1. Just the C-alpha atoms of the range 1-98: what Rg/Rh do they give, with Rh taken as the Kirkwood radius?
2. Which of the residue pairs 19/57; 11/43; 59/91; 11/64; 11/80 have a Cα-Cα distance greater than 22 Å in the structure shown?
3. Each residue of the range 75-84 in turn: what ³J(HN,Hα) in whole Hz from Karplus with 6.51, -1.76, 1.60 and θ = phi - 60°, glycine and Pro shown as x?
4. Looking at the range 1-94, which GluC sites (Glu not before Pro) are DSSP coil and have at most 16 other C-beta atoms within 10 Å of their C-beta?
Amino acid sequence: MNININNRQGKVSPAIQEKIEAWLKASQDRFGEISSALVIIGKSERLDEIEATLHIKGKDVFAKATGENLYAAIDALTDKIDRQLIKIKEKQSIKKGTPKPALLVEEDLQEFDDEDQQEVEVA
């Protein structure tokens, strides 16, 4: 995986760089092949900003987050990116003609059972 971490105002501290690299490696292990990542760190008036672009199997995932400090911004960014990666992974795994995941089937059955009980009580 090719990782580029840039700071608009200066150099990136080793602690920040290690935190970002650890997050990207964990995301790669959880969600599959991440071929490249570009992370840009900046600072607005009072908030720290961070944005990331990940390239995954023909798709680009982009997110931008701000926080009172850089660590809070990184945590917000990881949440946003991970939600997008989960959505991509679910779309790849659930396709037309494949069976529904067991959790969805169980929820549907519980809904039907609740409706049947309500009808019996009314009658």
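Values in this text are rule-based calculations from the coordinates and carry no lab data. This one's a predicted model, so the numbers in the text were calculated from it and none came from an experiment. Positions of Cβ are backbone-derived with ideal geometry, glycine not excepted, and every protein chain shown enters the neighbour counts.
1. Over the Cα atoms of the range 1-98, Rg/Rh equals 1.02.
2. From the list (19/57; 11/43; 59/91; 11/64; 11/80), the Cα-Cα distance tops 22 Å for 19/57; 11/80.
3. With coefficients 6.51, -1.76 and 1.60, one gets 4, 5, 5, 4, 4, 5, 5, 4, 4, 5 Hz.
4. Passing sites in the range 1-94 are 33, 45, 68.
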